[in-house]
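Computed from the coordinates by the stated procedures, all read-outs in this text should not be read as laboratory data. Being a predicted model, the structure only gives us computed values, none of them experimental. Positions of Cβ are backbone-derived with ideal geometry, glycine not excepted, and every protein chain shown enters the neighbour counts.
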């Protein structure tokens with residue numbers, strides 16, 4: 001039979017053991033040993049079944065394995081344990097985006113934004129999800145809200161131009177791309193988009209000049225902006241990595 005002190009200390013000991021197993025899981029994940037990472041996450045959850053962060057890390061591992069349905073189930077468990085986890089909601093949304101479940105992903109991003117209304121990446125995630133559903137006016141509003149917080153960020157202005165382009169509002173798109181280029185003249189995707197919209201307007205000589213400006217740049221300056229050209233899978237992978245690092249800092253900083 002346990003003594004009174006031992007009974008009091010058991011929950012704390014269990015919590016430390018669960019965190020230790022989660023640390024091992026994250027280390028395995030960092031090393032690309034996904035099966036071992038899953039085993040350690042399961043060990044953590046066997047000790048503490050309501051450990052929201054362990055469910056989240058397990059979801060990240062499944063995501064890296066490409067098992068999106070299992071990943072979403074884990075994020076749902078994490079959200080069940082901690083409904084105010086914007087990270088779990090965002091990662092669930094990113095995973096659903098990989099599955100082309102854009103409407104449900106939009107719901108996740110919206111809920112996450114209610115928790116973190118100033119999170120720029122969440123605004124961009126939500127707007128991109130709305131664009132994929134051709135909900136252009138809502139996407140435009142989302143980008144405009146992001147601009148109120150970051151008024152001179154050329155990447156956001158560029159995306160405003162893209163929505164105008166999507167809507168067939170070519171003159172507005174051209175004006176917006178020019179605005180982005182004033183702030184950042186080497187914003188290659190805006191220069192290319194400007195060329196495309198000039199072509200749509202029948203201004204072919206200007207279009208060739210605009211696109212030529214990008215093609216003539218040196219290789220290192222012509223690399224696309226990561227935020228704007230990430231594939232869905234790469235964007236989700238980077239979201240997973242950011243969440244993993246965040247929890248490592250929160251739980252295991254020396």
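The table for this structure:
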| read-out | value |
| --- | --- |
| Relative frequency of Cα-Cα separations exceeding 27 Å in segment 38-180, percent | 31 percent |
| Alpha-carbon Rg/Rh ratio, for segment 145-213, with Rh computed the Kirkwood way | 0.98 |
| Per-selection Kirkwood Rh - segment 1-122 (Cα, Å, 1 d.p.) | 15.2 Å |
| Separation of alpha-carbon centers, segment 98-152 and segment 171-203, rounded to whole Å | 23 Å |
| Length released on extending from residue 145 to residue 107, taking residue separation times 0.36 nm less the Cα-Cα span | 11.9 nm |
| Protection proxy ranking, peptides 207-215, 77-85, average beta carbon neighbours within 10 Å, highest first | 77-85, 207-215 |
| Where Rh is the Kirkwood radius over Cα pairs, Rg/Rh for segment 82-161 | 0.96 |
